[in-house]
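Visitor: There's a structure below that I have some questions on.
Every number here is computed from the coordinates shown, using simple stated rules; none is lab data. Not measured: the values here are computed from a predicted model. For neighbour counting, all protein chains shown are included, and Cβ atoms are generated from backbone atoms with ideal geometry for every residue, glycine included.
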Amino acid sequence: MKIGILNADAVRAEFVAEFGEYPDMFARLLMAVDPDVEFVTYEVMSGEYPTDIDEVEAYLITGSKLSVYDDVAWINALKDFVRKLHGAKKKLIGICFGHQLVAEALGGKTRQANQGWCVGVHKAKLTLDAVSYGPADVEFQILSNHKDQVEEMPVGAKLLASTATCPIAMTQLGEHILTFQGHAEFDKGYALGLLNMRREILGESVYQAAVETLPQDTDNSQVARWILDFVAN
């Protein structure tokens, strides 16, 4: 299995040595479940795309510090590519910014959440439409780090999971698109580094509440299995 990572951000220099770039994080996450997965990275911020969409079995859009509604040339180009993949029913995984961009590109809507920043470990609950992932009300824990949220899903999309602060936390469109608001690829140390970096922006109460959640277990390997099973089937 070969996955094309559509890399939509660069990790800050002070974190790269310990945690790597975002494609490295996804490789660690997914190869822990299946060591035979291969990856190709496309640096979409500089306009790098495959010459043939069938170079890989599936694509994965990473997180980003930018917002999907920013009028930026590379973001608009990525939306066009998502529409191309959707038209071809090519397997596509969206994570955080990727989750939001898929929605925005295909007719949904992303906005800044009224709740403000969602950070730390959050508990997501599966819906009745998530039968292939587990029974309704089954919960999984995942790190979050976002201020924007999907407020309207594209037509035809199914809601698979919600959290207390993020109603649209996991979606599926057809048999080819799967998206998550949370970050299964994040290491706890990296999540803490981001919290420390944004402490003033977050405000002390939000910062402290998020830090207090970090000792909780996350279900990253379960999310990784869902992603790989989705790509394979």
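Visitor: Restricting to DSSP loop positions (anything but H, G, I, E, B) with no more than 16 other Cβ atoms inside 10 Å of their own Cβ, which trypsin sites (Lys or Arg not before Pro) remain in region 117-175? Provide the component values of the computation, followed by the final result.
Guide: Values: sites: LYS123, LYS125, LYS147, LYS158; in loops: LYS147.
Here the sparse-neighbourhood loop sites are LYS147.
Visitor: Something else: Restricted to Cα positions, what overall size does region 120-233 have along the principal axes? Three whole-Å values, descending.
Guide: 41, 28, 22 Å, listed from the longest principal axis down.
Visitor: Does region 103-153 come out rounded, prolate or oblate, given a ≥ b ≥ c as the square roots of the eigenvalues of its C-alpha gyration tensor, rounded meaning a/c under 1.5 and, failing that, prolate meaning a/b above b/c?
Guide: oblate
Visitor: Taking the DSSP beta bridges in region 2-232 as the whole, what percent of them are antiparallel, to the nearest 5?
Guide: Given both bridge residues lie in region 2-232, the antiparallel proportion sits at roughly 55 percent.
Visitor: Quick check on the exposure proxy: order TYR207, TYR69 from fewest to most C-beta atoms within 10 angstrom.
Guide: Ranking TYR207, TYR69 by Cβ neighbours within 10 Å, fewest first, gives TYR69, TYR207.
Visitor: Give the span of the chain's Cα atoms along each principal axis, as three whole-Å numbers ordered largest to smallest.
Guide: Result for the chain: principal-axis Cα extents of 47, 41, 38 Å.
Visitor: Can you compute 3J(HN,Hα) from phi for each residue in region 111-117, using the Karplus curve 6.51 cos²θ - 1.76 cosθ + 1.60 with θ = phi - 60°, rounded to whole Hz and x for Gly and Pro?
Guide: Listing the rounded values in order: 9, 5, 6, 4, 6, x, 5 Hz.
Visitor: Separate question: Cα to Cα, under 22 Å, and not fewer than 8 places away if on the same chain: which lysines meet these conditions relative to LYS84?
Guide: Reachable lysines: LYS2, LYS109, LYS158.
Visitor: Tell me, what HN-Hα J-couplings in whole Hz come from the Karplus equation 6.51 cos²θ - 1.76 cosθ + 1.60 at θ = phi - 60° for each residue of region 36-49, using x for Gly and Pro?
Guide: Once rounded to whole Hz, the list reads 8, 5, 10, 9, 10, 9, 10, 7, 5, 5, 9, x, 8, 9.
Visitor: May I ask you to order 110-122, 45-57, 163-175 by the average number of other C-beta atoms within 10 Å around their residues, highest value first? Display every interim value, and only then the final one.
Guide: Numbers: 110-122: 17.7, 45-57: 12.6, 163-175: 19.3.
The packing order, highest mean first, is 163-175, 110-122, 45-57.
Visitor: Take the Cβ-Cβ distance between PHE15 and SER46 as r, set R0 to 22 Å, and report the resulting FRET efficiency rounded to the nearest 0.05. Numbers along the way, then the final one.
Guide: Working: r = 21 Å, r/R0 = 0.93.
E(calc), rounded to 0.05, equals 0.60.
Visitor: Can I ask one more? Let me have the 222 nm mean residue ellipticity of the chain computed from DSSP H runs of 4+ only, each contributing -39500 (n - 2.57), with the sum over all residues rounded to the nearest 500.
Guide: -9500 deg cm²/dmol
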